[in-house]
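These notes concern the structure reproduced below.
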There are 2 protein chains.
Amino acid sequence: MPVLLPHRATDAFLDLALAGDRSEAVRLTTDLVEEGFSLPTILTEVIGAAQCEVGRRWQRAELTAADEHLVTGISHAALAALSSNGHRRASHGTAVVACAEGDWHALPSQMFAESLRATGLGVLHLGASVPAADVGALLERRRPDGLVVTCNLPLSYLGVARLADAAHRYGVPVLAGGRALTPERALTLGVDAWAADVTRAAEILRAWRRSRPDVPAPPVDLEPAAVELTRRAAGLAERASDALLGVFPAMASYDDRQRDHTREDLAAIVRFLGAARLVDDDEVFTSFTSWLEEVLTSRGVPVEALAAGMTVLAPLVREVDESSAGLLEAAVARLG
Amino acid sequence: MPVLLPHRATDAFLDLALAGDRSEAVRLTTDLVEEGFSLPTILTEVIGAAQCEVGRRWQRAELTAADEHLVTGISHAALAALSSNGHRRASHGTAVVACAEGDWHALPSQMFAESLRATGLGVLHLGASVPAADVGALLERRRPDGLVVTCNLPLSYLGVARLADAAHRYGVPVLAGGRALTPERALTLGVDAWAADVTRAAEILRAWRRSRPDVPAPPVDLEPAAVELTRRAAGLAERASDALLGVFPAMASYDDRQRDHTREDLAAIVRFLGAARLVDDDEVFTSFTSWLEEVLTSRGVPVEALAAGMTVLAPLVREVDESSAGLLEAAVARLG
């Protein structure tokens, strides 16, 4: 079996997908199976890598969201073609795989689910954005070995904690993974185990099948200010947007769409502050602001606009949480 | 070729999907292909019908959102298995298929896209929720025969109109379909043609290929009050929620989640009012309130709570739009 992927497979897949050539893109991935590559390798190093590259190019305004969606659709088609090969193997235990409510990233969750299935586990995949109480009701009926939550964006942290609470209510342990989590962050959100990849996840689920771990009965203790920031993000953004008109005169010439975008960006800043506070990790916020800075400057929005927005937000955020206001002011200072 | 589906296929598919038995559910649909049923028939009468039935059972609180997601994931898998057979046919023209921004119903959109592809059209499927400006940029590069928009929820009307404007900016005509549209509603939103099914859609796209129609250059004229209601829905719901505490004492004992749900329901009411006004069709709002009434009463929320919510909303909505406030008051009278 080959040990290295042809290093151009990712680029070739991405080029075909961006051209909208679904059948050739899918065939490229199924050919890799014929050549002996494993499902997790193809998913991670071809499809997943192509998706990450699309995200980077979008960040730099080299691609639009329409291009992203075109590629994601073709990635889904490839995933479906790849997984039809593997889903008749015997089941050794069962897992339910879900995203938190509000998390619409179905593709990484489904990639994880298919990889788990390929290890011989029975998998129920619930996909994107499921309300926690409804997941709880399903867990109560199904009694799986574990609930697996994928989390690729910090905005879902609160939803992850709610899923963990819902699972624990029925004694079901929770395993989480994904780009937005670290072991520490997962723990803070009440998750029972974190896995870096599907091999480790399958091991943990098998161990849980042999001996179901005790899980905490009461809901995880979350920082109230973080929850409050998340809840009030839209309202704070609305007020900040009004205030911004006074201190950033260029905004007076914005059209409705630009104003909507500004308000959405301000709300995202508050939500990321809430996310950072929820897992007690400033890096969540600082990496978001670096990302947002590149997104905005690539689209011709001056860094002064971002700094002005954060400056007007700071006193409003301070009403809810002193420490988040400090994070914001530090970010403004970094922007210069 | 058989002309009637075995009438139990839908029920059998739904039972397998609800049990999480993906491989058997997928096999049931691919077996129907072997038996000579067409792709659109299987998609509409088995998968689509099963999805509608799931929606009805959710409405009556017989299923949860987690069950819905489980079935939808299996429907996606069946769709992928079915469409892999048909996507190498020669292309006669091209269409871009998309949902409006904020519309996350990827499955009906993808079902429509696959059925179009099966008629021999080249299809670029952008899936759920794409920003209009980004779709415009893609249309400018690709110059398809038409943009196809599926719309299954009135909340996407504004997004449909924005997609139509974006396509027209590049001279691309727009065809729309889906459960939430009628020919009149589509026209009001600036769409150039409405199709009841994929056969008609393919005919229209072929006609457009032979002779590209003129499309209006300026953006479609939308009712400003309707746009304003949509934009201010969250803020009005927040104020109504505070006011509701005064007139509906039971709310004082609500926990945070119940308050969030109440605020979301109030915002949905305002958004559906905006949607009804946007297409100048009261039925959009009256059918929503009937649906919401069943959803709430099935979950133990008394009809008095819904009436109280609408009553406190009415004067706030009147600040934006007199005629929507009238619609609300008529709905309260019907509930009373």
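The values are calculated or read from the model by the stated rules, or taken from the named source; none is laboratory data. Values in this document were obtained by computation on a predicted structure and should not be read as measured data. Cβ coordinates were reconstructed from backbone atoms using ideal geometry, including for glycine residues, and neighbour counts include every protein chain displayed. With ligands, DNA and RNA removed, areas are computed over all heavy atoms of the protein, side chains included. Shrake-Rupley method; radii C 1.70, N 1.55, O 1.52, S 1.80 Å.
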Inset, instruction - Place the label 7 angstrom along Cα→C-beta at residue B:214 and in each other copy, then list the distances from the first to the rest in nm, shortest first. - result: 7.9
Inset, instruction - Name the most mobile residue of A:289, A:64, A:44, meaning the one with the largest mean-square fluctuation, in a Gaussian network model of chain A with Cα contacts below 10 Å. - result: A:64
Inset, instruction - Could I have the simple spin-label model distance between residue A:211 and residue B:291, label points 7 Å from Cα toward Cβ, reported in nm to one decimal? - result: 5.1
Inset, instruction - Run through all the Cα pairs of the stretch A:188-232 and give the fraction in each 5 Å bin from 0, expressed as whole percent. - result: 5, 16, 19, 17, 15, 11, 11, 5, 1
Inset, instruction - Please give the length that would be gained between residue A:257 and residue A:318 if that part of the chain were fully extended, namely 0.36 nm times their separation in residues minus their C-alpha to C-alpha distance (nm, one decimal). - result: 19.2 nm
Legend entry - Chain B residue with Cβ closest to the axis mapping B onto A, distance in whole Å: B:80, 2
Inset, instruction - Evaluate the charge dipole of the protein assembly as shown about its Cα centre and quote only its size in Debye, nearest 20, assuming +1 on the Cβ of each Lys and Arg and -1 on the Cβ of each Asp and Glu. - result: 1320
Inset, instruction - Output the relative contact order of the stretch B:224-335, whole-number percent, from Cα pairs under 8 angstrom with separation of 6+ residues. - result: 34
Legend entry - Kirkwood Rh in Å, taken over all unlike Cα pairs in the protein assembly as shown: 26.2
Inset, instruction - Give, rounded to the nearest 20 debye, the magnitude of the charge dipole that the stretch B:107-174 has about its Cα centre when Lys and Arg contribute +1 at Cβ and Asp and Glu contribute -1 at Cβ. - result: 100
Legend entry - For chain A, calculated [θ]222 nm from helices alone, where every DSSP H run of n ≥ 4 adds -39500 (n - 2.57): -19500 deg cm²/dmol
Inset, instruction - Report the local net charge at residue B:169: Lys and Arg +1, Asp and Glu -1, summed over other residues whose C-beta lies under 12 Å from its C-beta. - result: -1
Legend entry - Rounded, prolate or oblate (a/c below 1.5 giving rounded, otherwise prolate when a/b exceeds b/c) for the stretch B:45-172 by Cα gyration tensor: oblate
Inset, instruction - Two decimals is fine: what's Rg over Rh for the stretch B:276-336, C-alpha atoms, Kirkwood radius as Rh? - result: 0.98
Legend entry - Ascending list, in nanometres, of distances separating the residue A:298 label from those of the other copies (7 Å, Cα toward Cβ): 4.3
Inset, instruction - Between beta-carbons, use under 12 Å as the cut-off and find the net charge around residue A:286, counting Lys and Arg +1, Asp and Glu -1. - result: -3
Legend entry - Kirkwood-based Rg to Rh ratio, the stretch B:6-83, C-alpha trace: 0.95
Legend entry - Selected from A:205, A:189, A:245, residue furthest toward positive end of dipole (the stretch A:169-284; charges at beta carbon): A:205
Inset, instruction - List, in order, the whole-Hz ³J(HN,Hα) value for each residue of the stretch A:47-56 obtained from phi through the Karplus relation with A = 6.51, B = -1.76, C = 1.60 and θ = phi - 60°; use x for Gly and Pro. - result: 5, x, 5, 5, 4, 5, 5, 4, x, 5
Legend entry - Accessible area of chain A belonging to carbon and sulfur atoms, whole % at 1.4 Å probe: 52
Inset, instruction - Taking the Cα centre of chain A as origin, sum charge times position over the Cβ atoms of Lys and Arg (+1) and Asp and Glu (-1), and report the length of that vector in debye to the nearest 20. - result: 1120
Inset, instruction - Ignore the peptide's own chain and count Cβ atoms of other chains within 10 Å of each Cβ in A:58-71; give me the average, rounded. - result: 5
Inset, instruction - Please name which of A:100, A:69, A:168 has its Cα lying farthest along the dipole of the stretch A:57-173 towards the positive end, using unit charges on Cβ (Lys, Arg +1; Asp, Glu -1) and the Cα centre as origin. - result: A:168
Legend entry - Surrounding net charge for residue A:225, when Lys and Arg each add one and Asp and Glu each subtract one, Cβ distance under 10 Å: -3
Inset, instruction - Could you pull out every residue, at least 5 positions away or on a different chain, whose amide H is within less than 5 Å of the one on residue B:148? Hs are placed 1.01 Å off N in the peptide plane, and Pro or chain starts have none. - result: B:96, B:97, B:98, B:175
Legend entry - Copies compared at residue B:227 - label distances in nm, ascending, label defined 7 Å from Cα in the Cβ direction: 3.9
Legend entry - Taking chain A and dividing mean pair separation by its residue count, relative contact order in percent (alpha carbons under 8 Å, at least six apart): 13
Legend entry - Computed Rg/Rh of chain B, alpha carbon atoms with Kirkwood Rh: 1.00
Legend entry - Calculated diffusion of the stretch B:224-335, Stokes-Einstein form, Kirkwood radius summed over Cα pairs, 4 °C and 1.567 mPa s, µm²/s: 94
Inset, instruction - Evaluate the Debye formula for the stretch B:100-259 with equal point scatterers sitting on the alpha carbons, no solvent, and hand back log10 of I(q)/I(0) at q = 0.14 Å⁻¹, in q order, two decimals. - result: -0.71
Legend entry - Cβ-based charge dipole, chain A, positive-most Cα from A:13, A:29, A:49: A:29
Inset, instruction - Compute the longest continuous run of chain A that contains no exposed trypsin sites (Lys or Arg not before Pro); treat a site as exposed when its DSSP state is not H, G, I, E or B and it has at most 16 other Cβ atoms within 10 Å. - result: A:180-298
